[in-house]
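Below is one structure; the comments refer to it alone.
Every read-out reported here was derived from the displayed coordinates using simple, explicitly stated rules and does not represent laboratory data. Given the structure is predicted, the values throughout are model-derived calculations rather than measurements. Backbone-built Cβ (ideal geometry, glycine too); neighbour counts: all protein chains shown.
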């Protein structure tokens, strides 16, 4: 799964990497993005091939929902079944998006009451994009609200000791296909929804600061030493 991540890249880097005009991007560095937060997304409109930057609430609220709180339970969608689930099937055909990140966090149980957080990202600590779905919901008091979810798949060999699932990371060469609003056949996108290549990724332990949503600074992603006698930790690196 993916329940916390970061996007610290500057607007200029986002513009260059995702081929979006800098003036269209409005983003301040975040080190500890949590469910229901406003997040950066990229999508395409069926009337234009131009990529669109938009902020959305993390936790998809289906257009047919009657309660905004349903979104808190829909921060992730299982890629293997998303095309069949009522909350996601329409979005899989018509409303796919990319969700930029430069790292995400997972926790591993290393003792009876202790979990060790890890930062997971690219070897060069660079940008990448999660596969996402989005929807529009009409709030009774706030008008139209855009929300999104992150697709997950099986963990790759690098991550399987921490968690059995990981977010779907789209290869850069596949961005256009994933975002193409004219591609309404999810079965033709199956090859994109696979565990990302472990050889391109890096995992390292971080401090417990990231475990508290009020913390949102560089300390959340600063590498630390694991204080545990659990020898299995060394197999991650």
Per the 1/(1 + (r/R0)^6) rule, R0 = 25 Å and r from the Cβ atoms of residue 204 and residue 29, FRET efficiency to 0.05 is 0.80
Taking 0.36 nm per residue of separation and subtracting the Cα-Cα distance, what length does fully extending residue 164 through residue 38 add? 42.7 nm
In what sequence, highest mean first, do 191-203, 60-72 appear when ranked by Cβ atoms within 10 angstrom? 60-72, 191-203
Starting from the Cα-Cα distance between residue 16 and residue 214, subtract it from 0.36 nm times their residue separation and give me the gain in nm to one decimal. 68.3 nm
Once you have a ≥ b ≥ c as the square roots of the Cα gyration tensor eigenvalues for the range 1-116, tell me rounded if a/c is under 1.5, and otherwise prolate or oblate according to whether a/b is larger than b/c. oblate
Per-residue ellipticity at 222 nm for the chain, helices alone: DSSP H runs ≥ 4 residues times -39500 (n - 2.57), over residue total, nearest 500 deg cm²/dmol? -2000 deg cm²/dmol
Counting alpha carbon pairs within less than 8 Å and at least 6 residues apart, what relative contact order, in whole percent, applies to the range 1-116? 29 percent
Burial-style ranking of 144-153, 31-40, 95-104, 171-180, average other-beta-carbon count within 10 Å with highest first, yields 95-104, 144-153, 31-40, 171-180
Tell me the label only: which of (1) 0.95; (2) 1.00; (3) 0.91 is Cα Rg over 2.2 N^0.38 Å as calculated from this structure? (2)
Rounded to the nearest 0.05, what FRET efficiency is calculated for residue 225 and residue 194 with R0 set to 25 Å and r the Cβ-Cβ distance? 0.15
The range 184-218 scanned against label point 7 Å out from residue 172 along Cα→C-beta; backbone N under 20 Å for 192-203
Prolate/oblate/rounded call for the range 141-181, Cα gyration tensor, a/c under 1.5 rounded: oblate
Relative contact order in percent for the chain (Cα pairs under 8 Å, 6+ apart) equals 21 percent
If I model a spin label as a point 7 Å beyond the Cα along the Cα-Cβ vector, how far apart are those points for residue 93 and residue 136 in nm? 1.8 nm
Three-way shape call for the range 101-147 based on the alpha-carbon gyration tensor, with the a/c threshold at 1.5: oblate
Using Cα springs under 10 Å in a Gaussian network model of the chain, which residue among 50, 94, 113 shows the largest mean-square fluctuation? 113
Taking 0.36 nm per intervening residue step and subtracting the Cα-Cα distance, what contour gain separates residue 47 from residue 180 on full extension? 46.8 nm
How far is the Cα center of the range 5-62 from the Cα center of the range 132-182, in Å? 12 Å
Taking the range 114-237, the whole-percent share of alpha-carbon pairs separated by over 21 angstrom is 54 percent
Go ahead and set up a Gaussian network model of the chain, Cα springs under 10 Å, then flag whichever of 160, 212, 47 fluctuates most. 47
Taking the range 120-237 and dividing mean pair separation by its residue count, relative contact order in percent (alpha carbons under 8 Å, at least six apart): 24 percent
